[in-house]
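Colleague: Handing you a structure now.
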Amino acid sequence: MTKKGWKDLPTGGIITKAGSALDFKTGDWRSEKPIWDKEKCTSCLMCFIYCPDSSIQVKDGKMTGIDYDHCKGCGICAKECPVKVIKMEMERR
Amino acid sequence: MPRRALTGNEAMAEAMRQINPDVVAAYPITPATEIVQIFASFVSDGLVTTQFIPVESEHSAISACVGASAAGARVMTGTSSQGLALMHEVLYQAAGLRAPIVICEVNRSLSAPINIHCDHSDTMGSKEAGWIQIYAEDSQDAYDSVIQAIRIAETVFLPTMVSTDGFIISHCMQGVEILEDKQVQDFIGPHRSAYSLFGGAPITVGPLDLQDYYFEHRRQLMEAMNTSLTTLDAVNKEFKQKFGRGYDIIEEYKTEDADHIVMAMGSTCGTAKVAIDKMRAKGVKVGLIKLHVFRPFPHEQLKKALSKAKFVTVLDRSDTASSMGGPIFVETRAALYDQMPKILFADYIYGLGGRDIDIEEIATVIEKGEKMKLQGKVEKPLDYIGLRE
Ligand code: SF4
Ligand code: SF4
């Protein structure tokens with residue numbers, strides 16, 4: 001996304017579009033990335049309970065993946081997973 | 001045009017009545033109390049339709065003003081000294097949100113030691129907050145400038161403070177020409193703001209603004225400040241043309257042939273004019289520059305006005321605690337840095353905590369300046385008037 005220059009931004013730092021928080025990828029400053037081993041996961045959902053950013057994706061009671069747009073890489077899921085199937089890796093961009 | 005005997009506070013309150021703002025939120029503080037006290041009686045007497053919000057502190061007063069302004073209201077308040085200092089945090093928010101709030105300010109020193117009398121320390125403490133600052137010389141100036149301030153603030157979307165010297169202007173009576181209510185309403189026009197929470201499409205005011213946008217928004221504010229002098233000038237010209245009086249951004253008094261210029265702000269300008277007349281009678285070619293606007297700092301105007309000066313005597317009614325002298329001195333010298341040939345400057349801090357300054361004292365520093373001008377050198381760039389050693 002190209003960012004606007006100062007001449008084109010609305011006066012006073014207001015946001016003129018409702019629901020624009022949807023466009024805000026809050027995970028872009030992550031330095032470590034959780035890598036999930038789908039095969040060994042028991043879907044106990046401990047990671048889902050602990051994740052502070054609601055970034056564990058769940059469907060029909062099963063864990064389905066990690067939302068990297070919003071995951072901040074805190075590592076809590078990796079720490080709490082009882083079977084240790086989430087590993088933290090350095091983020092490469 | 002009816003002429004009435006009014007104090008500075010009464011004149012500012014009268015201007016507020018005629019402006020009839022949508023919202024006034026205020027907390028009392030000496031010597032500005034009367035402004036909102038009188039205004040509150042206008043509210044009680046049904047002379048205005050303003051929503052008056054009595055609050056528990058100046059921090060709350062200006063916060064309520066910011067909220068009301070974001071909601072699209074025309075908003076005013078009044079304060080002084082510690083009150084303005086308590087508003088400090090929110091002053092920046094008002095500027096950053098481009099809320100065109102107008103404060104009727106009365107200049108008073110800051111504690112400690114506690115003192116209720118005039119100096120310019122309070123507003124000088126806010127000079128970096130992104131507010132336009134206008135310094136009135138007398139009650140008439142205060143009345144007219146408050147009316148102009150509404151137009152200015154609502155054109156450039158910058159909050160604006162108009163200040164008077166505590167007690168010297170705020171509590172002294174003077175003949176003031178009052179406009180008709182309709183003339184004031186026609187001059188200020190309907191309220192304008194950059195946005196409104198009730199403007200139709202939903203907006204968010206004051207969201208988090210981090211590394212990727214904050215800088216751009218600050219640049220917008222700088223641009224608004226940089227270009228607002230044109231608006232200040234245009235609004236004043238229109239006022240002058242309609243009502244026959246006005247206040248230039250810098251007022252020049254007997255400067256045409258002067259090579260020695262005195263610079264001052266506020267009520268001291270009147271005293272300085274008399275001192276200048278006295279010195280002129282003795283053949284000294286001295287003139288006065290009255291700074292009517294301190295923010296934005298009118299550096300281009302000053303460069304022009306001081307182009308023929310050899311010596312400048314600056315009278316500062318506050319200090320910067322930087323050991324560099326008062327704010328007028330520091331900024332004027334910076335503005336003139338590129339000027340050739342070199343101009344000699346002397347700064348005098350005076351009148352702190354309301355200490356009086358008289359004609360003789362100003363005449364004496366003009367004489368000192370004349371000597372330094374002849375010697376081509378300034379012995380003491382920073383000195384004090386009326387201070388016991
Ligand atoms: S905590 Fe571990 S095992 Fe449980 S759902 Fe999360 S990744 Fe799977
Ligand atoms: S690293 Fe932190 S933010 Fe990312 S999925 Fe795990 S718990 Fe959630």
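Colleague: In segment B:1-14, which residues are crowded, with 24+ Cβ neighbours inside 10 Å and in contact with an Asp or Glu (Cβ under 8 Å, 6 or more places away or on another chain)?
Modeller: Passing the criteria: B:8, B:9, B:13.
Colleague: From the list A:50, A:68, exactly one residue is exposed (fewer than 15 other Cβ atoms within 10 Å of the Cβ) and near ligand 2 (Cβ under 9 Å from one of its atoms). Which is it?
Modeller: On the way: A:68 fails: exposed (fewer than 15 other Cβ atoms within 10 Å of the Cβ).
A:50 is the lone residue from the list that is exposed (fewer than 15 other Cβ atoms within 10 Å of the Cβ) and near ligand 2 (Cβ under 9 Å from one of its atoms).
Colleague: Can you pull out every residue in segment A:35-57 that is within 9 Å of ligand 1 (Cβ to nearest atom) and either small (Gly, Ala, Ser) or touching a residue at least 40 places away in the same chain (Cβ under 8 Å) (or both)?
Modeller: Answer for segment A:35-57, where residues must be within 9 Å of ligand 1 (Cβ to nearest atom) and either small (Gly, Ala, Ser) or touching a residue at least 40 places away in the same chain (Cβ under 8 Å) (or both): A:36, A:37, A:40, A:41, A:42, A:43.
Colleague: A follow-up question, please. Of the residues B:164, B:227, which is closer than 20 Å to residue B:249 by Cβ, exposed (fewer than 13 other Cβ atoms within 10 Å of the Cβ), more than 10 Å from every other protein chain (Cβ to nearest Cβ) and touching a residue at least 12 places away in the same chain (Cβ under 8 Å)?
Modeller: Residue meeting the stated conditions: B:227.
Colleague: A follow-up question, please. Select from segment A:11-27 the residues that are within 7 Å of chain B (Cβ to nearest Cβ) and in a loop (DSSP other than H, G, I, E, B) and write down the one among them that is least open to solvent (accessible area, probe 1.4 Å).
Modeller: It comes out as A:14.
Colleague: Give the residue, chosen from B:239, B:243, that is surrounded by fewer than 17 Cβ atoms within 10 Å (Cβ to Cβ), modelled with pLDDT of 95 or more and of a type in the set (Phe, Trp, Tyr).
Modeller: B:243
Colleague: Sticking with this structure for a sec: Looking only at strands (runs of 3 or more DSSP E) that fall completely inside segment B:271-360, which ones have 1 or more residues that are open to solvent by 20 Å² or more (accessible area, probe 1.4 Å) and touching a strand residue (DSSP E or B) at 6+ places or on another chain (Cβ under 9 Å)?
Modeller: Filter on segment B:271-360 gives B:293-295, B:344-349.
Colleague: When you scan segment B:133-141, do you find a residue that is of a type in the set (Gly, Ala, Ser) and not in a helix (DSSP H, G or I), even just one?
Modeller: yes
Colleague: Residues of segment B:193-216 being within 7 Å of chain A (Cβ to nearest Cβ) and either among the β-branched types (Val, Ile, Thr) or in contact with a Phe, Trp or Tyr (Cβ under 8 Å, 6 or more places away or on another chain) (or both), which ones?
Modeller: Selection gives B:194, B:203, B:204, B:205, B:216.
Colleague: Would you say residue A:30 is more than 30 Å from residue B:196 (Cα to Cα) and in contact (Cβ under 8 Å) with a residue 60 or more places away in the chain?
Modeller: On the way: more than 30 Å from residue B:196 (Cα to Cα): yes; in contact (Cβ under 8 Å) with a residue 60 or more places away in the chain: yes.
Yes.
Colleague: Which number in (1) under 25 Å from residue B:119 (Cβ atoms); (2) in contact with an Asp or Glu (Cβ under 6 Å, 6 or more places away or on another chain); (3) not hydroxyl-bearing (Ser, Thr, Tyr) marks the one condition that residue B:176 misses?
Modeller: Of everything listed in (1) under 25 Å from residue B:119 (Cβ atoms); (2) in contact with an Asp or Glu (Cβ under 6 Å, 6 or more places away or on another chain); (3) not hydroxyl-bearing (Ser, Thr, Tyr), residue B:176 misses just condition (2).
Colleague: Shifting gears a bit: Inside segment B:40-115, counting only strands (runs of 3 or more DSSP E) that do not spill past its ends, which hold 3 or more residues that are open to solvent by less than 50 Å² (accessible area, probe 1.4 Å)?
Modeller: B:75-80, B:102-107
Colleague: Would you check which residues across segment A:66-90 are β-branched (Val, Ile, Thr) and either farther than 13 Å from residue A:45 by Cα or over 8 Å from the mean Cα position of the chain (by Cα) (or both) and list them? Before you say what the answer is, go through the steps one by one.
Modeller: The initial filter retains those residues of segment A:66-90 that are β-branched (Val, Ile, Thr), namely A:66, A:76, A:83, A:85-86.
A:76, A:83, A:85, A:86 - these are the residues of segment A:66-90 that are β-branched (Val, Ile, Thr) and either farther than 13 Å from residue A:45 by Cα or over 8 Å from the mean Cα position of the chain (by Cα) (or both).
Colleague: Does residue A:40 count as facing chain B (nearest Cβ under 10 Å) and out of contact with any helix residue (DSSP H, G or I) (no Cβ under 7 Å at 6 or more places or on another chain)?
Modeller: For residue A:40, the condition - facing chain B (nearest Cβ under 10 Å) and out of contact with any helix residue (DSSP H, G or I) (no Cβ under 7 Å at 6 or more places or on another chain) - is not met.
Colleague: Report whether or not residue A:77 is at negative phi, open to solvent by less than 30 Å² (accessible area, probe 1.4 Å), within 16 Å of ligand 1 (Cβ to nearest atom) and not in a loop (DSSP other than H, G, I, E, B).
Modeller: Yes; evaluated as a whole, the condition is true for this residue.
The values are calculated or read from the model by the stated rules, or taken from the named source; none is laboratory data. Keep in mind that what you see is a predicted model, and the values were worked out from it rather than measured. Note that each Cβ is placed from the backbone with ideal geometry, even for glycine, and that neighbours are counted across all protein chains shown. Heavy atoms of the whole protein, side chains included, go into the accessibility calculation; ligands, DNA and RNA do not. Shrake-Rupley method; radii C 1.70, N 1.55, O 1.52, S 1.80 Å.
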